[in-house]
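Below is one structure, written out as structure tokens; comments come after it.
The values are calculated or read from the model by the stated rules, or taken from the named source; none is laboratory data. Treat the numbers as computed from the prediction; the structure is a model and nothing was measured. Neighbour counts are summed over all protein chains in view; Cβ atoms, including those assigned to glycine, are modelled from backbone coordinates with ideal geometry.
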Amino acid sequence: MEKWMKRIIPVLPFLYMAAIWMMSGLPADAIVELPDSYWDRFIKESLHLVEFAILYMLFAAALAVNRKLTPAFSLLAAVAAGFYGIVDEIHQSFVPYRSATFIDVVKDLIGVGAAYAHVRFHFFKRERGFLKRLEKIAAKG
């Protein structure tokens, strides 16, 4: 089990980045559109916070499963996830029927920052959480 985790988990952030890129290249209503336009917009705008937090967590998981999650690499993963959020907004600015705004970048960075703070507290200070479990599984193998 440990061997497949060490091979699959490090690939997940890059698959997720490809999925983000593909979805950003589609019109906003291409995948799902809720009947109420207010809630449709609210939920999709809120997803900026979650989308790039997930990307950071996938980077952190890839580092943890390889026993490389240190404060410095955690910060590097957060910077990479935040930078990809900026790149994604630039990409969206060239897609018809999509928009790219500074507030979207801020939401992306807040999501990354919240996930980063979570990892700093739970992984490094309290030494618990799913990333710590991944690291322990990797240590067995």
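Out of all the residues in the range 49-66, is one or more touching a Lys or Arg at 6+ places or on another chain (Cβ under 8 Å), aliphatic (A, V, I, L, M) and over 20 Å from Ala138 (Cα atoms)?
Taking the range 49-66 as the starting set, the residues that turn out to be touching a Lys or Arg at 6+ places or on another chain (Cβ under 8 Å) are 49, 64-66.
Those left that are additionally aliphatic (A, V, I, L, M): 49, 64-65.
Now restrict to residues that are over 20 Å from Ala138 (Cα atoms): 49.
Within the range 49-66 (the criterion being touching a Lys or Arg at 6+ places or on another chain (Cβ under 8 Å), aliphatic (A, V, I, L, M) and over 20 Å from Ala138 (Cα atoms)), the answer is yes, since at least one residue qualifies.
Would you be able to tell me the number of residues in the range 89-139 that are touching a helix residue (DSSP H, G or I) at 6+ places or on another chain (Cβ under 9 Å), on the phi < 0 side of the Ramachandran plot and not in a helix (DSSP H, G or I)?
The number of residues fulfilling the criteria is 7.
Is there any pair linking a residue in the range 1-16 that is modelled with pLDDT under 80 to one that is part of a helix (DSSP H, G or I) and basic (Lys, Arg), with Cβ under 9 Å and at least six apart or on different chains, and which?
Here the result reads Glu2/Lys140, each pair linking the range 1-16 to a residue that is part of a helix (DSSP H, G or I) and basic (Lys, Arg).
Out of the range 54-66, which residues are in a helix (DSSP H, G or I) and not β-branched (Val, Ile, Thr)? Spell out the reasoning first.
First pass over the range 54-66, keeping only residues in a helix (DSSP H, G or I): 54-65.
Matches in the range 54-66: Leu55, Tyr56, Met57, Leu58, Phe59, Ala60, Ala61, Ala62, Leu63, Ala64.
Restricting to the range 50-60, count the residues that are more than 9 Å from the chain's Cα centre (by Cα) and at pLDDT below 95. Lay out the reasoning, then the answer.
Within the range 50-60, the first condition is being more than 9 Å from the chain's Cα centre (by Cα), and the residues that meet it are 60.
Next cut, at pLDDT below 95 only: none.
Residues flagged as more than 9 Å from the chain's Cα centre (by Cα) and at pLDDT below 95 within the range 50-60 amount to 0.
Which one is farthest from His48 (Cα to Cα), of the residues in the range 83-105 that are at pLDDT below 95 and of a type in the set (Ser, Thr, Tyr)?
Looking at the filtered set, the residue picked out is Tyr97.
Consider Leu69 against the criteria (1) assigned to a loop (DSSP other than H, G, I, E, B); (2) in contact with a Ser or Thr (Cβ under 8 Å, 6 or more places away or on another chain); (3) modelled with pLDDT of 85 or more: it satisfies all of them except one. Which criterion is unmet?
(2)
For the range 109-131, which positions are under 21 Å from Lys6 (Cα atoms), under 18 Å from the mean Cα position of the chain (by Cα) and either surrounded by fewer than 20 Cβ atoms within 10 Å (Cβ to Cβ) or free of Cβ contacts under 8 Å to residues at least 12 places away in the same chain (or both)?
Gly129, Phe130
What number of residues within the range 70-92 satisfy the criterion of being more than 17 Å from Leu47 (Cβ to Cβ), of a type in the set (Gly, Ala, Ser) and surrounded by 13 or more Cβ atoms within 10 Å (Cβ to Cβ)?
4
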